[in-house]
Amino acid sequence: MTAWGVLVLLGALARGAFAQPEEDAARLTYHRVTSRDSPAPDPGAERQVIPSLVEGLKSPRDWYGKRRPEILALWTRILGKLEPDRRDRRWFGDIRKARVLETQELENYTRIRLDLPIEKDFYQKHLLLLPRNQGPGPFPAVICWSSSTPDFTAPEQWWGSWLAGRRYVVLTSWSFIRYYRDGTTARTGAPEKLYERFGHWLPIAKMVHDARRQARYLRSLRQVDGRRIGFIGFSLGAKAALYVAAFAPEFAAVAAVDPHVALNGGTNWYAPWYLDWLRPFADIATPQRTVLSLLDPDPARPGFEHDHHEVLALAAPRPVLVIGGSGHCEDCGGHSDDRQSWGYINRAREVYRLLGVPDRLQFVLTEDGHKPNGPAIDPAWQAFFERWLKGGG
């Protein structure tokens, strides 16, 4: 894309080219539950209003002094921990000790295949793309995560080659549930290995810590401006992105391509490799406590008391972009964000508005489907990173 093209994209965002329809601007209700496997079918949730996070608050001080700490404490309890505790630290060494496996010189960037020691005995596969013949840097950087099907190299084609050709350092990867210790995956024991080693640490929270480790590696490179590191993921990677935005302060801007924001809609947030709703906590004081019991303490009331509008709000005031693939329908089912996702965005944006930065939470609803790329998807993430990692907002 030419410099003029980038300016056009930025102008489109500023003018509201991805404008929100009037009826969706007023939407504050839950997503209808369409997942047949959900442990909480929740009939009638789509007719109930998602709770406001700013009710009774008058200023940013009220948010930071009272409401945000309450929400953060709850989600920390749900996730188990946000980072390794003292006993866990023995499993983590120097992330800079990469194993370089292969280096290729391409026209616009150097492509390096390497393994990073995410844990002392777990080296994760990555591609590092370094701008070539584009000046000395330091450059902004973007960590790019794959979904649940292609491998860790797929983000190079989706986003990485575009970024690396425009003066971004890129690190492509995937979630540990795609490839963990002893070659285990989400369905062959990765969550169990996580619990065996670290206790109550939900897989989605471990993904956040892995992303933070990757950011730490990038900050060690002379080519990277450590103040300008972004994250983008699709599907599984987009689910991780929502939590990276909320719980990983290393990232200056985060984009999630079709995560399905609603906790209990048409996707599988309940799965053991994400939030593991039904696993009992290892807590003698509350032996029957589960993630589901914390998200939905009153099952008789339709809609969860706690949902992802809270996670999005915890990201404020940092820039976050959510891209949905099913803008043509009211309730598409499946893993794609549709018009019902607006309720969660609107509630989270109330917090951004209270903080004076409503434009930093963007939701671009396309008709491109559940895909990492498309004619409406690509201009959105490209303009987002050009604005928030290069343009300074």
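Can you confirm whether residue 340 is in contact with a Lys or Arg (Cβ under 7 Å, 6 or more places away or on another chain) and polar (S, T, N, Q)? If you could, list the steps in order and put the result at the bottom.
Numbers: in contact with a Lys or Arg (Cβ under 7 Å, 6 or more places away or on another chain): yes; polar (S, T, N, Q): yes.
When the stated conditions are applied, residue 340 passes them.
Sort through 169, 254 and tell me the only one that's hydrophobic (A, V, I, L, M, F, W, C) and more than 18 Å from residue 152 (Cβ to Cβ). Walk me through how you get there before you give the answer.
Details: 169 fails: more than 18 Å from residue 152 (Cβ to Cβ).
When all the criteria are applied, what remains is 254.
So which of 69, 39, 51 ends up being under 24 Å from the mean Cα position of the chain (by Cα), modelled with pLDDT of 95 or more and assigned to a helix (DSSP H, G or I)? I'd like the intermediate steps shown before the answer.
Working: 39 fails: assigned to a helix (DSSP H, G or I); 51 fails: assigned to a helix (DSSP H, G or I).
Just one listed residue meets the conditions, 69.
Of the residues that make up the stretch 285-296, is at least one crowded, with 24+ Cβ neighbours inside 10 Å and free of Cβ contacts under 8 Å to residues at least 60 places away in the same chain?
no
For every residue, the table says whether it meets (1) of a type in the set (A, V, I, L, M, F, W, C); (2) touching an Asp or Glu at 6+ places or on another chain (Cβ under 8 Å); (3) buried (at least 16 other Cβ atoms within 10 Å of the Cβ).
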| position | (1), (2), (3) |
| --- | --- |
| 299 | no, no, no |
| 327 | no, yes, yes |
| 337 | no, yes, yes |
| 355 | yes, no, yes |
| 360 | no, no, yes |
| 367 | no, no, no |
| 378 | no, no, yes |
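In the stretch 352-382, what residues are assigned to a helix (DSSP H, G or I), within 18 Å of residue 252 (Cα to Cα) and in contact (Cβ under 8 Å) with a residue 60 or more places away in the chain?
Across the stretch 352-382, the qualifying residues are 380, 381, 382.
I'm trying to understand the selection: among the residues of the stretch 219-233, which are buried (at least 22 other Cβ atoms within 10 Å of the Cβ) and of a type in the set (A, V, I, L, M, F, W, C)?
Here is the first cut: in the stretch 219-233, the residues buried (at least 22 other Cβ atoms within 10 Å of the Cβ) are 224, 229-233.
If the condition is that a residue be buried (at least 22 other Cβ atoms within 10 Å of the Cβ) and of a type in the set (A, V, I, L, M, F, W, C), then 224, 229, 231, 232 are the ones that fit.
Looking at the stretch 243-268 only, could you name the residues that are under 22 Å from residue 35 (Cα atoms), modelled with pLDDT of 95 or more and surrounded by fewer than 24 Cβ atoms within 10 Å (Cβ to Cβ)?
Residue satisfying the conditions is 268 alone.
Condition test on residue 335, is it within 18 Å of residue 204 (Cβ to Cβ) and part of a loop (DSSP other than H, G, I, E, B)?
For residue 335, the condition - within 18 Å of residue 204 (Cβ to Cβ) and part of a loop (DSSP other than H, G, I, E, B) - is met.
Can we say residue 74 is surrounded by fewer than 16 Cβ atoms within 10 Å (Cβ to Cβ), in contact (Cβ under 8 Å) with a residue 60 or more places away in the chain and under 22 Å from the mean Cα position of the chain (by Cα)?
Details: surrounded by fewer than 16 Cβ atoms within 10 Å (Cβ to Cβ): yes; in contact (Cβ under 8 Å) with a residue 60 or more places away in the chain: yes; under 22 Å from the mean Cα position of the chain (by Cα): yes.
Judged against the criteria, residue 74 is a match.
Out of the residues in the stretch 196-218 that are more than 10 Å from the chain's Cα centre (by Cα) and free of Cβ contacts under 8 Å to residues at least 60 places away in the same chain, state the one that is surrounded by the fewest Cβ atoms within 10 Å (Cβ to Cβ).
196
Just to be sure I understand, how many residues within the stretch 137-168 are part of a loop (DSSP other than H, G, I, E, B), modelled with pLDDT of 95 or more and of a type in the set (Val, Ile, Thr)?
1
So residue 237 passes all but one of these: (1) free of Cβ contacts under 8 Å to residues at least 60 places away in the same chain; (2) crowded, with 24+ Cβ neighbours inside 10 Å. Which condition number does it fail?
Every listed condition holds for residue 237 apart from (1).
From the list 173, 161, 146, exactly one residue is out of contact with any Phe, Trp or Tyr (no Cβ under 6 Å at 6 or more places or on another chain) and in contact (Cβ under 8 Å) with a residue 40 or more places away in the chain. Which is it? Let's see the steps before the verdict.
On the way: 173 fails: out of contact with any Phe, Trp or Tyr (no Cβ under 6 Å at 6 or more places or on another chain); 146 fails: out of contact with any Phe, Trp or Tyr (no Cβ under 6 Å at 6 or more places or on another chain).
None of the other options fit; the residue is 161.
As an exercise: evaluate residue 171 against (1) among the aliphatic types (A, V, I, L, M); (2) surrounded by fewer than 19 Cβ atoms within 10 Å (Cβ to Cβ); (3) over 19 Å from residue 203 (Cβ atoms) and give the number of the one condition it does not meet.
Status for residue 171: all satisfied but (2).
Being part of a helix (DSSP H, G or I), farther than 14 Å from residue 256 by Cα, free of Cβ contacts under 8 Å to residues at least 60 places away in the same chain and of a type outside the set (Ser, Thr, Tyr) is true for just one of 349, 387. Which residue is that? Walk me through how you get there before you give the answer.
Details: 387 fails: free of Cβ contacts under 8 Å to residues at least 60 places away in the same chain.
Of the residues listed, the single one that is part of a helix (DSSP H, G or I), farther than 14 Å from residue 256 by Cα, free of Cβ contacts under 8 Å to residues at least 60 places away in the same chain and of a type outside the set (Ser, Thr, Tyr) is 349.
Name the single residue, out of those in the stretch 269-284 being surrounded by 22 or more Cβ atoms within 10 Å (Cβ to Cβ) and touching a Lys or Arg at 6+ places or on another chain (Cβ under 9 Å), that is nearest to residue 192 (Cα to Cα).
273
Could you go through the stretch 302-313 and let me know if any residue there is free of Cβ contacts under 8 Å to residues at least 40 places away in the same chain and either within 19 Å of residue 195 (Cα to Cα) or more than 17 Å from the chain's Cα centre (by Cα) (or both). Quick ask: steps written out before the conclusion?
Initially, the stretch 302-313 is screened for residues free of Cβ contacts under 8 Å to residues at least 40 places away in the same chain, giving none.
The answer is no; no qualifying residue exists.
Can you name the strands (runs of 3 or more DSSP E) wholly within the stretch 80-136 that have at least 2 residues being surrounded by 17 or more Cβ atoms within 10 Å (Cβ to Cβ)? Explain how you work it out, then say what you get.
On the way: elements: 99-105, 109-119, 122-131.
Counting at least 2 such residues, we get 109-119, 122-131.
The values are calculated or read from the model by the stated rules, or taken from the named source; none is laboratory data. All of these numbers come straight from a predicted model, not from anything done at the bench. In this analysis, Cβ positions are derived from the backbone assuming ideal geometry, glycine residues included, and neighbour counts consider all displayed protein chains.
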